[in-house]
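Single-structure report; data block below.
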Amino acid sequence: MPTISPSPAPSPARRRTARTAAAAALVCAALTAPLAVAAPAYADDAKPTKSKAPAPPATMSAVGGDLLAKPGTQVQLKDGAPKLPKGLSARSWIVSDPESGDVLAAHNAHWRLPPASTLKMLFADTLLPKFPKTEQHKVAPEDLAGMGEGSSLVGIKENQTYSVHDLWLGVFLRSGNDAVHTLAAMNDGVEQTVRDMQAHADELNAHDTHVVTPDGYDAKGQVSSAYDLSLFARSGLQNADFREYASTAFAQFPGEAKKGKKRPTFGIQNTNRLLTGAFGMKPYKGIAGVKNGNTTNAGSTFTGVAQRGDKVLLVTVMNPAKKDMNEVYKETAALFDWGFAARDKVEPVGRLVGPKSKEGDAARPGAPKHHGKQGAAHLSTTESEAERGGAWTALGIAGGALVVLGGVAFAVHRRWPLPDLVRRRGR
């Protein structure tokens, strides 16, 4: 067995040196203890880490089907169906057929998120029927009060007169909050307009939506969902004027009138880049609207409708994590491509419900939930074809051609209640 030699005993001088060093170490530790506690926080500040994206609620609304209440991606592929696009980064999205109401696929469809200017679809669907487009309105200073800082504007001036038609061009093409507030003033003010919008959202069974501002500007508590935004678009697109404004790419807007001179106009362009092809995007084939938005809290949001042959799809995308300036349009286009390829090769995961006047309150306790084949059966057995005009729909702009006010004819395709193909002329 090996032997272990003991270490030699330290000399008295070494023992004194060791005691002195130990005492000094204790004093130093006491003095620096607060710094030691603070050090980790300082290190975190020096090297910040990316904050995690918020997680969707564990359960959400089941309006439209039980699968839509679940977080994450919901899709039921049949044999031969294409896989969903790779690289989707949006917090929430939904692909649906607005005619049948089938939801082909969804990702956190009922997540209540800030909607940005896509809420203007609800604003338009609520107020468009109230004022004839030829009505004239002289803008008072108070009409433009209360707009959020940095609001998008079309360029409305105080004490100038505009037609309702002009104002809606400002809402749809330039997402002008000045146009929204002017129309709200005509509707007895912002507060009344917010009440009207909330009542209309409730009538559409859009129970994820809480309206605070008429223009979608960031406001505490203002939320909607990809599902609800799709309901707003579906309802609005039944209105011929809504369809016209949503699919108009370019128009002339009145400038400042001066006595004795012809009133000038200036050109405005739709902010929907899949419609105009602006900022490096190509116009999407068959696109016919609907509305985009972007704010600090909401990120980028977009709802679009497009038609290929006899297929019509509605896609809503909310807040992509990727910060490419065109990301919301790229993800929308990818979902359109997938939807047109997969339309007959998926089992629906839910459906877009009809309004209360047709189906009752879809959120009431004990209300029937429909998805998959059940949902399609429900539509065919409980609604007449005329009633399914509520599912109407869109709007082939052949080959992605752009609508320009002042001359170009465009086709509007609907299954209910109009004939399959109806031609209208731009004004």
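The values are calculated or read from the model by the stated rules, or taken from the named source; none is laboratory data. Keep in mind that this is a model prediction, so the values were computed, not measured. Every residue, glycine among them, receives a Cβ derived from its backbone with ideal geometry; neighbour counts consider all protein chains shown. To get the accessible areas, we keep the full protein, side chains included, count just its heavy atoms, and leave off ligands, DNA and RNA. Shrake-Rupley method; radii C 1.70, N 1.55, O 1.52, S 1.80 Å.
Of the numbered criteria (1) closer than 30 Å to GLY221 by Cβ; (2) at pLDDT 95 or above, the one SER357 fails is (2). Among residues of the range 262-284 being over 21 Å from the mean Cα position of the chain (by Cα) and closer than 28 Å to ASN239 by Cβ, the one that is least open to solvent (accessible area, probe 1.4 Å) is ILE268. Which residue is nearest to ASN319 (Cα to Cα), if the candidates are limited to the range 62-78 and must be assigned to a loop (DSSP other than H, G, I, E, B), open to solvent by 30 Å² or more (accessible area, probe 1.4 Å) and in contact (Cβ under 8 Å) with a residue 24 or more places away in the chain? Ranking the candidates gives PRO71 first.
If you go through the range 234-253 and keep only what is within 17 Å of ASN270 (Cα to Cα) and assigned to a helix (DSSP H, G or I), you end up with ASP241, PHE242, ARG243, GLU244, TYR245, ALA246.
Okay, residues lined up against (1) open to solvent by 60 Å² or more (accessible area, probe 1.4 Å); (2) out of contact with any Cys (no Cβ under 9 Å at 6 or more places or on another chain); (3) at pLDDT below 95; (4) on the phi < 0 side of the Ramachandran plot:
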position: SER11; (1), (2), (3), (4): no, yes, yes, yes
position: VAL27; (1), (2), (3), (4): yes, yes, yes, yes
position: PRO40; (1), (2), (3), (4): yes, yes, yes, yes
position: ASP45; (1), (2), (3), (4): yes, yes, yes, yes
position: ALA90; (1), (2), (3), (4): no, yes, no, yes
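Considering only the range 102-115, I want to know if a residue exists there that is within 20 Å of ALA246 (Cα to Cα) and buried (at least 23 other Cβ atoms within 10 Å of the Cβ). For the range 102-115, residues within 20 Å of ALA246 (Cα to Cα) and buried (at least 23 other Cβ atoms within 10 Å of the Cβ): present. For the range 314-344, the candidate set comprises residues that are open to solvent by 50 Å² or more (accessible area, probe 1.4 Å) and either within 25 Å of SER152 (Cβ to Cβ) or in contact with a Ser or Thr (Cβ under 9 Å, 6 or more places away or on another chain) (or both); within that set, the residue that is modelled with the lowest pLDDT is LYS323. Here is a list: LYS311, LYS259. Which entry is at pLDDT below 95, open to solvent by 20 Å² or more (accessible area, probe 1.4 Å) and more than 30 Å from ARG351 (Cβ to Cβ)? None of the other options fit; the residue is LYS259.
Considered as a group, the residues in the range 293-306 that are part of a strand (DSSP E or B) and open to solvent by less than 20 Å² (accessible area, probe 1.4 Å) include one that is farthest from GLU99 (Cα to Cα), and that residue is GLY299.
In this structure, does THR59 turn out to be modelled with pLDDT of 50 or more and open to solvent by 70 Å² or more (accessible area, probe 1.4 Å)? Can you show your working first?
Working: modelled with pLDDT of 50 or more: yes; open to solvent by 70 Å² or more (accessible area, probe 1.4 Å): yes.
Yes: the conditions hold for THR59.
Restricting attention to the range 193-207, and to residues there that are open to solvent by 10 Å² or more (accessible area, probe 1.4 Å) and assigned to a loop (DSSP other than H, G, I, E, B), which single residue is farthest from PHE131 (Cα to Cα)? Step by step, filter the range 193-207, then rank; the result is HIS207. Within the range 260-275, residues that are touching a residue at least 40 places away in the same chain (Cβ under 8 Å) and within 17 Å of GLU327 (Cβ to Cβ) reach partners that are part of a helix (DSSP H, G or I) and hydroxyl-bearing (Ser, Thr, Tyr) with beta carbons closer than 6 Å, at six or more positions or on different chains, in the pairs ARG273/TYR329; LEU274/TYR329.
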